[in-house]
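These notes are about the structure you will find just below.
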Amino acid sequence: MDIKDPIKRMDALAKARGETKYLSDYRFEGALYSRMLRSSIPRGRIVDIKLPALPEGYRLITYKDIPGKNALQMITADWPCFAETDVKFVGETIGLLVGPDRELLQKLFDQIEVEYEAQEPAITIAEGLACKGGAFLNGNNVHCSLSLQKGEDIEAVFSRAYRIVEQEITTGFQEHVYLETNAAVCTKEDGRFVIYASAQCPFYIRKSVCGLLGLKPDDIIVRQTATGGAFGGKEHFPDVLCGPLLVACYVTGKPVRLVFGREEDIANSVKRHPSRVRFKTALDKDGNILGMDSEVVYNVGAYLASSFVVLQRGCFHVTGCYSFPSERTKGIGVATNTYPSCAFRGFGAPQTLFAIETHMNYLASLLGKDPLEFKRRYLIKKGELTITSGPIIEDVKLVQMLEQVLKASGYAEKSKAYAIGSGKGIGLAFYNHGGAFTGNGESAIIKAHVKLVKHLGGPVEILCGQTEMGQGFQTALRKIAAQVLEIPPETVIYDNPDTSRVPDSGPTAASRSTMVVGNLVYKAALDMKRRIDAGEDGFEVETVYEHPEGYPWDQSTFQGVAYLGYGWGVCAVEVEIDKRTAEPVVKGIWTSHDVGHPIDELICHGQVNGGVVQGIGWASTELLQNIGGHFKQTSLSDYIIPTSMDTPTMSVEYVDNPYPWGPFGAKGMGELTFNGSAAAYVDAVSRAIGKTINAIPIPSEVIMDYMLDKEASR
Amino acid sequence: MKIDFNLNGVQVSVDKDPLSRLIDVLREDFGLTGTKEGCSEGECGACSVLLDGKLVTSCLVPLGSAIGSRVDTIEGIRDTKLGSIIIESFANGGAVQCGFCIPGMVISAYCLLSSNPHPTEDEVRLAISGNLCRCTGYDLIVSSILDASRRLA
Ligand code: FES
Ligand code: FES
């Protein structure tokens, strides 16, 4: 059997039968309910907190209850568990009200009054950079920055350029809308704190919160419960729930639970970073690109948390699937008084990939060239240098993938037949996604371990920290082990991780699980197979990640081979726009992806469908405005995600391109599938209405404004 | 107030405020946690159940409207002939990812196929348009429902 042949997902039946328990489906004996008290202003000082008389058993937990350090240890530790005197964004945690009766708790909660001394906030990227209301960070509101330059000095290139084209492209906030809202419980079992959470990264949680009580990570157990979607929104964010819960459990000695409502979740959780990318491109007199300069600014919000890494990835992808003789970029993470932004499928890459595709289309239209022909000439190839001045070390099969998409979509005929501005349009985008942690991060920072256990006279068990959140990993990983061991995959045990039982194999993030952890399991299984064949039983095999030699990376200068393998994609989208209502209808979606060699084509198919549709949502209906520090769309009736009626059945194809360091040749793919559809969609809309579009999202009201040449609501 | 209704084919009775949300009664009083809460405002469909055979979002239904009626939840339909065919098609067809929307989807599919055993793709898309799914992009859910329809003799 080829590993890519689909099998039935291990988790599907129980989920479809409604038997799988998510956090809110569990009952914890004697658990207290809790409500988060949060800042209602974007910037200021807390003057007073007025509490109603609290009956016995009810209590407001605040920073004063923290015996250790008041910080959540994400990638940086600047985000406090509870605000002390200053608040920097709407939604910042001030306290946790806990108590035994849900209704009474709510009544008491509604009577709490917080008095503030308000200051003028900075909300947008421009306001943050201009230090509106006075800088609140580092004197300049800059959380982080980096610069990269490849090839000839770009200033020299500009000085001899025939023409220089500038363009600014912006993208907005995006909410994850995992169908299961954030939820966690902290309790004590046998004298140890145990956290149950809907989360991607159980090991991140214990590391992040242990310092609150002055404990070591090992002193806390984190158990993942079945997770109803995450998309990056449950990578670091669960720490924001688990920190206060841990303190409350410590203070009260009781289990404490917190389950967000939907409005609460949308209004008070991390988002995809809004971005502003400015390009400055040097052309010769024949319209060839001599060099491209860019400035990439991400709205980080009040705390840095994981955002420097997000910004880095954004900068590493700013030239997309192309290579130009000279490239430079400067990235800035700006501090504003908005809810901090964090991981979201693509982790900074979608913003710059949207920008570069849109810019390439713009250049082609200025030069009067066919956009596809224009872009094709610059597609990066094996051995060529990326913007970090390290080579691509794999075959790039974009041309072959393009052929598949052209054939399936009828792109060539349609792009001729649909005149610009005719109401019909077809668009196309190239995209990629660097797999796993950047450079040598997997060996320098993560150091993943996995264990494979052969129980004496019994089954094989996988022990690792990787979580299932819908992406199919519990099936994929079992399949990898089973295929090597030549046993049925359903006999392999692989439970939701419990940090006291499994080794730390790194976060379930960065499209690394199959590519990196899958390969560790693959290697462990090979070893196990040899020993079983030699008659051994009742033993464990442990494998540890080693970075291949010969692909240097310098994390202080960001120079070298940023990624050993990329996922690659081509996507075409066709739209038709009602000229009267400006309502767009997606008529077709065609895709081809290089994911190495797929572990299970049906699982991959589901990832492609979900990622592509989520990307179209980001570009089209998912408008999320922040007005004066408050998110304006906070329910699913005004924050609009795609429904089954919004996109037709899409065409899904692959090219085979086995990756030498992946299990059975597999690479990462979960994020890749998100990275291109927004650009293809906007290209299609832009052709259909005959306007240059350089900001997303474009819900139909905005399309209407473009059609009427109105600036108003853009 | 004492409220009697038929739950998954069994006559039951609870003493509760008739304005209690049906979803809370199902999940908390009867432990039927297959019905999920995704939005609490009738937008996501995760809490879908059948009230006298009609599709409703149980987060918006007051318990009082169930008086003397029949309520079917995922726990009630999963072992019926139609329910198990749908669930089997979902599992084989890659329709299930995180799973949180899925019991609601199964209920919607059940409601559709009960009245229209051989729907077109458009009819399937319309039937599940009140069920939001953030993971799948819907294609494999749609094809799985069509597959279930084919398997209905
Ligand atoms: S929870 Fe009832 S429709 Fe979403
Ligand atoms: S499978 Fe996750 S929301 Fe539908």
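The values are calculated or read from the model by the stated rules, or taken from the named source; none is laboratory data. Only a predicted model underlies this, so the values are computations on that prediction, with no experimental measurement involved. Backbone-built Cβ (ideal geometry, glycine too); neighbour counts: all protein chains shown. Surface accessibility is based on the protein's heavy atoms, side chains included, excluding ligands, DNA and RNA. Shrake-Rupley method; radii C 1.70, N 1.55, O 1.52, S 1.80 Å.
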Förster-model FRET efficiency, 30 Å R0, A:E155 and A:N288, C-beta, rounded to 0.05: 0.95
Compute the accessible area per residue over chain A, keeping the other protein chains in place, probe 1.4 Å, unit Å². 34
If you average the alpha carbon positions of segment A:144-221 and of segment A:235-283, how far apart do those two centres end up, in angstrom? 10
Beyond 16 Å, what share of the Cα-Cα pairs of segment A:391-474 remains, rounded to the nearest whole percent? 76
Roll a 1.4 angstrom probe over the protein heavy atoms and tell me the percent of accessible area of chain A that is carbon or sulfur. 50
What is the distance in Å between the Cα centres of segment B:44-73 and segment A:605-640? 28
Amide H within-cut-off set for B:I3, under 5 Å, with H built and near neighbours excluded: B:V14, B:D15, B:K16
Between A:I380 and residues 5 or more places away or on another chain, which pairs have amide H atoms under 5 Å apart, with H built 1.01 Å from N, and which residues are they? A:Y322, A:S323
Extent along principal axes [Cα atoms of segment A:499-579; Å; largest to smallest]: 72, 39, 28
Debye intensity ratio in log₁₀ form over the Cα atoms of segment B:63-153, taken at each q of 0.10, 0.12, 0.20 Å⁻¹: -0.24, -0.34, -0.89
May I ask you to derive the FRET efficiency for B:L152 and A:A412 from their Cβ-Cβ distance with R0 = 41 Å, giving the value to the nearest 0.05? 0.45
Debye log10 I(q)/I(0) for segment B:2-73, one point scatterer per Cα, at q = 0.12, 0.27 Å⁻¹: -0.25, -1.38
Average accessible area per residue (Å²) across chain B - probe 1.4 Å, nucleic acids and ligands excluded: 35
Share of Cα-Cα pairs in segment A:313-471 beyond 27 Å, in percent? 45
Dipole of segment B:2-73, positive direction: furthest Cα of B:L19, B:C59, B:V71, with charges on the beta-carbon: B:V71
Lys/Arg +1, Asp/Glu -1 at C-beta; the protein assembly as shown dipole; positive extreme among A:G606, A:A509, A:T171: A:T171
Any chance you could check segment B:91-116 for residues losing 30 Å² or more of accessible area when the partner protein chains are in, compared with the chain on its own (1.4 Å probe)? B:A91, B:N92, B:V96, B:Q97, B:C98, B:F100
Taking a 23 Å limit on the Cα-Cα distance, which of the listed pairs A:K50/A:K88; A:K15/A:K254; A:K451/A:K529; A:K271/A:K424 fall beyond it? A:K15/A:K254; A:K271/A:K424
Value of relative contact order over chain B, rounded to a whole percent, pairs C-alpha under 8 Å and six or more apart: 24
Dipole in debye (nearest 20) - segment B:25-153, about Cα centre, beta carbon charges: Lys, Arg +1; Asp, Glu -1: 200
Relative contact order of segment B:78-151, pairs being alpha-carbon contacts under 8 Å that are 6 or more residues apart, as %: 46
So between A:V544 and A:Y162, what do we pick up on full extension, going 0.36 nm a residue minus the alpha carbon distance? 132.2 nm
The percentage of Cα-Cα pairs in the protein assembly as shown separated by more than 42 Å is 31
³J(HN,Hα), Karplus 6.51/-1.76/1.60, whole Hz, each residue of segment B:93-99, x for Gly, Pro: x, x, 6, 9, 10, 5, x
Could you compute how much accessible surface A:W590 exposes when probed at 1.4 Å, giving the result in Å² to the nearest 10? 30
Note, segment B:28-39: 3J(HN,Hα) by Karplus (6.51, -1.76, 1.60, θ = phi - 60°), whole Hz, Gly/Pro = x, goes 8, 7, 10, x, 8, 8, x, 7, 9, 10, x, 8
Take each of the peptides A:512-524, A:15-27, A:452-464, average the number of other beta-carbon atoms within 10 Å over its residues, and list them starting from the highest. A:512-524, A:15-27, A:452-464
Over all Cα pairs of chain B, how is the pair count split among 10 Å bins, expressed in % and running from 0 up to the last occupied bin? 12, 44, 32, 12, 1
For chain A, size of Cβ-based charge dipole, Lys and Arg +1, Asp and Glu -1, in debye: 460
Residue-by-residue Karplus 3J(HN,Hα) for segment A:451-459, coefficients 6.51, -1.76, 1.60, Hz, glycine and proline x: 10, 10, 10, 9, 5, 4, x, x, x
Quick tally, 1.4 Å probe accessible area for A:I698, A:I689, sorted with the most first, runs A:I689, A:I698
Which of B:V96, B:V71, B:V12 fluctuates most in a GNM of chain B (C-alpha springs under 10 Å)? That residue is B:V12
Would you rank A:V297, A:V396 by solvent-accessible area, highest first, keeping every protein chain in place and using a 1.4 Å probe? A:V396, A:V297
Chains B and A: accessible area buried, summed over both chains, 1.4 Å probe, nearest 100 Å², reads 3900
Using just the helices of chain A, give the 222 nm mean residue ellipticity in deg cm²/dmol: DSSP H runs with n ≥ 4 each add -39,500 (n - 2.57), and the total is spread over all residues, rounded to 500. -7500 deg cm²/dmol
Rank these by accessible area, largest first, 1.4 Å probe: A:H605, A:H630, A:H273. A:H630, A:H605, A:H273
Heavy atoms only, probe 1.4 Å: what % of the accessible area of segment B:2-73 goes to carbon and sulfur, would you let me know? 51
Taking H placed 1.01 Å from N in the peptide plane, check which residues at least 5 places from A:G588 or on another chain put their amide H under 5 Å from its amide H. A:E574
Average partner coverage of B:31-43, which counts Cβ from other chains inside 10 Å: 6
Quick check on chain B: helices-only [θ] at 222 nm, where DSSP H runs of length 4 and up contribute -39,500 (n - 2.57) each and the sum goes over total residues. Nearest 500, please. -9500 deg cm²/dmol
